[in-house]
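Chemist: Handing you a structure now.
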């Protein structure tokens with residue numbers, strides 16, 4: 001009953017703080033360096049999670065001590081309902097604590113797949129449609145899931161364990177996204193480990209970024225892909241734009257201020273990418289695959305130059321892509337891949353991990 005009460009308090013906090021002030025007092029600086037949807041003070045017992053919906057912003061306050069005192073001291077059972085949660089828990093050394101997942105077929109982590117095959121992990125639906133009855137039957141000590149809208153939060157009201165809702169996917173920089181590992185560390189009582197992991201990744205990312213700080217030549221980069229003749233290009237304020245800029249590229253959509261995708265027609269893309277040196281971001285593995293999807297791709301200059309790269313180097317047999325799992329928590333490796341493609345002279349002996357040239 002106490003767990004249910006804690007969750008009800010969290011839901012009340014969510015809807016009671018529909019327009020919170022994120023700005024802290026001068027002596028109350030946010031401990032999160034990059035994440036815009038997290039707020040906490042040094043030594044505080046609470047973390048505020050912000051939900052920037054399309055129709056406004058809500059917040060939820062998590063009381064860390066209240067949550068942790070209701071978790072077992074050892075062997076906490078965790079339902080990790082998105083692949084990004086799995087990747088973060090893996091970095092924290094908590095794979096053996098995972099008891100429930102969604103979209104099992106998409107999971108790349110070999111240790112998680114083995115535990116599933118051995119019967120230690122149950123599948124409870126899809127990340128977009130969690131089977132609440134299956135989650136109730138699983139009865140984990142805590143559940144972690146992405147929140148895409150208010151209805152996502154409401155449907156968990158009968159789950160008898162603390163539910164941690166995340167919006168890391170809405171952060172607009174690679175380091176902001178992975179910094180959510182610090183929040184999970186605070187929730188699960190492994191804050192020191194989480195901080196150590198994050199700051200190590202941050203250091204490696206910034207070391208990679210420094211390779212391009214003085215680069216004058218910035219190759220022109222096309223990003224995004226088409227679907228039914230509509231091209232979805234990352235906004236100029238998106239995390240993809242950050243990767244390209246930090247890798248020393250000149251992104252053709254950099255002047256757009258969107259954090260999400262920008263919708264363009266194919267003719268607009270052809271004009272914008274006439275001088276593009278490289279296209280990064282399709283999911284097809286070959287030029288033949290591209291032709292089968294859309295024959296207009298042949299009209300792009302990067303197609304004719306054969307300088308197209310996908311994000312599909314680490315896909316499993318079921319279509320799961322480790323770029324969206326392990327790559328999510330290792331932006332330093334993803335950045336190295338971008339640098340290898342845009343400025344191969346800077347990493348002559350490096351072999352890409354997630355990105356690959358089309359065959």
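Nothing in this text is a laboratory measurement; each read-out follows from the coordinates by a stated rule. Remember, predicted model here, so these are calculated numbers, not experimental data. Positions of Cβ are backbone-derived with ideal geometry, glycine not excepted, and every protein chain shown enters the neighbour counts.
Chemist: Does segment 161-274 come out rounded, prolate or oblate by the C-alpha gyration tensor, with a ≥ b ≥ c the root eigenvalues, rounded set by a/c under 1.5 and, if not, prolate when a/b is larger than b/c and oblate if not?
Modeler: The shape class here is oblate.
Chemist: Taking only Cα atoms and a 10 Å spring cutoff, compute GNM fluctuations for the chain and point out the largest among 142, 132, 215.
Modeler: 215
Chemist: Let me ask you something else. Shape of the chain from its Cα gyration tensor (a ≥ b ≥ c, root eigenvalues): rounded if a/c is under 1.5, otherwise prolate when a/b > b/c, or oblate? Intermediate results must be reported in sequence, preceding the final value.
Modeler: Details: a/c = 1.84, a/b = 1.61, b/c = 1.14.
Because a/c hits 1.5 or more and a/b exceeds b/c, the chain counts as prolate.
Chemist: I would also like to ask the following. Give the residues of segment 306-338 whose amide nitrogen is closer than 16 Å to a point set 7 Å from the Cα of residue 286 in the direction of its Cβ.
Modeler: Inside the label zone: 310, 312-313.
Chemist: Between 239, 323, 116, where does the largest GNM mean-square fluctuation fall for the chain, given springs only between Cα atoms within less than 10 Å?
Modeler: Per the Cα network of the chain with a 10 Å cutoff, 116 tops the list.
Chemist: Of all beta bridges DSSP finds with both residues in the chain, what is the antiparallel percent, to the nearest 5?
Modeler: Working: 23 of 43 bridges.
Here the share of antiparallel DSSP bridges comes out near 55 percent.
Chemist: Sticking with this structure for a sec: Please order 208, 128 by the number of other Cβ within 10 Å, starting at the fewest. Mind showing how you got there, number by number?
Modeler: Details: 208 22, 128 11.
Lowest to highest Cβ neighbour count: 128, 208.
Chemist: Which ordering of 233, 270 is given by a fewest-first count of other beta-carbon atoms within 10 Å?
Modeler: Details: 233 27, 270 16.
Final ranking by Cβ density, sparse to dense: 270, 233.
Chemist: A follow-up question, please. Could you work out how far apart the two model spin labels at residue 230 and residue 295 are, taking each label as a point 7 Å from the Cα in the direction of the beta carbon, and quote it in nm?
Modeler: 2.3
Chemist: Continuing with this model, one more query. For segment 251-359, just say rounded, prolate or oblate: build the C-alpha gyration tensor, square-root its eigenvalues into a ≥ b ≥ c, call rounded for a/c under 1.5, and beyond that prolate if a/b exceeds b/c, oblate if not.
Modeler: Values: a/c = 1.43, a/b = 1.30, b/c = 1.10.
Rounded, because the longest to shortest axis ratio a/c is under 1.5.
Chemist: If you rank 343, 120 by fewest surrounding Cβ atoms within 10 Å, what's the result?
Modeler: Numbers: 343 18, 120 12.
The most exposed by this proxy come first: 120, 343.
Chemist: Something else: Of 267, 110, 179, which is the most mobile in a GNM of the chain whose springs link Cα atoms less than 10 angstrom apart?
Modeler: 110
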